[in-house]
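To start, the structure itself, in structure tokens.
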Amino acid sequence: MAMNAVLLGSPGVGKGTCAKILSEKTGLPHISTGDMLRQAIREGTALGREAKSFVDAGKLVPDGLVTKMVQERLSQPDCKKGFLLDGYPRTVAQARDLEGFMAVGVVLNLSAPESVIVERLSGRRTCRGCSATYHVKNSPPKKEGVCDRCSGELYQRSDEKPEVVAERLKVYEKQTKPLVEFYRGKGILADINAGFGMPEISKVIGQCEDAIKAAVRRK
């Protein structure tokens, strides 16, 4: 299945999880801009070193630099038949930049009720030692507060407290609404109900696969 797809969705909606499963099922590479940025910094590439200077200063990496990284990654051989792009674009300006070097066939707009997302994120716990993640309800550790993998301490990130999550969702909605409407206007946006939990994740994946197949038929 060849298709250039973009995944949109708020923090905690499950973009990464869905992209990983879709990648395994379709053979399309999952391109996460967050992972890409961390890898570039870790490997010390020219773009990575430039990005690190902003990260170390506590600043957002500029749009132009992120776009360069995305353009470089999408030019790799494994993206020739398509990709699942997660984390970019975040604004209409970035979407226009993306159009300048790559055509998008379908945009999967994942959404879930705020209450579901708040529960997902506020229940998440991260290991201070190895960064493994758990969920107090959906995937708890064997021993409360202790990592199964390295016995490190589990903690709740400050940006995953319920009141902070609610504010993050408001900011996301405000920033991303124009982007959603931009792609809806182009007729390539597919609204995906991502409110199902992990036991029913196949319902979310099925919607995504149907949207990708429909986009392939439109080509």
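What the table below lists for this structure:
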quantity: For Pro141, net neighbour charge (Lys/Arg +1, Asp/Glu -1) across residues whose Cβ lies under 10 Å away; calculated: +2
quantity: Extension gain from Leu60 to Lys177, taking 0.36 nm per residue of separation minus the Cα-Cα distance; calculated: 40.1 nm
quantity: Loop-located GluC sites (Glu not before Pro) in segment 119-219, at most 12 other Cβ atoms within 10 Å (DSSP); calculated: Glu144
quantity: Linear extension gain, Asp159 paired with Gln39, 0.36 nm per residue minus alpha-carbon span; calculated: 40.9 nm
quantity: For His135, residues with placed amide H under 5 Å, excluding near neighbours; calculated: Arg125
quantity: Normalised contact order of the chain, rounded percent, pairs of Cα under 8 Å and 6 or more residues apart; calculated: 28 percent
quantity: Ranking of Cys79, Cys150 by count of other Cβ atoms within 10 Å, fewest first; calculated: Cys150, Cys79
quantity: Column: log10 I(q)/I(0), Debye, Cα scatterers of segment 34-82, q = 0.22, 0.30 Å⁻¹; calculated: -0.75, -1.18
quantity: Under 23 Å from Lys20, Cα to Cα: lysines that are on another chain or at least 8 residues apart; calculated: Lys80, Lys81, Lys137, Lys203, Lys213
quantity: Under-5 Å amide H pairs with Val146, H placed in peptide plane, nonlocal only; calculated: Leu154
quantity: Order of Phe101, Phe196, Phe83 - criterion: other Cβ atoms within 10 Å of each residue's Cβ, fewest first; calculated: Phe101, Phe196, Phe83
quantity: Spin-label model distance (nm) - Arg217 vs Ser131, 7 Å beyond Cα toward Cβ; calculated: 4.1 nm
quantity: Ranking of Arg90, Arg42, Arg120 by count of other Cβ atoms within 10 Å, fewest first; calculated: Arg42, Arg90, Arg120
quantity: Rg/Rh (Cα only; Kirkwood hydrodynamic radius) as it applies to segment 82-199; calculated: 1.06
quantity: Of all DSSP beta bridges in segment 57-199, antiparallel share, percent nearest 5; calculated: 60 percent
quantity: Where N is the number of residues in the chain, Cα Rg divided by 2.2 N^0.38 Å; calculated: 1.05
quantity: Rg over Rh, two decimals, segment 55-96 (C-alpha only, Kirkwood Rh); calculated: 1.03
quantity: Net charge contributed by nearby residues that have their C-beta within less than 12 Å of Cys79 (K/R +1, D/E -1); calculated: +1
quantity: Prolate/oblate/rounded call for segment 165-219, Cα gyration tensor, a/c under 1.5 rounded; calculated: oblate
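Coordinate-derived values only; no laboratory data. Since the model is a prediction, treat every value here as computed from it, not as a measurement. Using ideal geometry, Cβ is built from the backbone for each residue, glycine included, and neighbour counts are taken over all protein chains shown.
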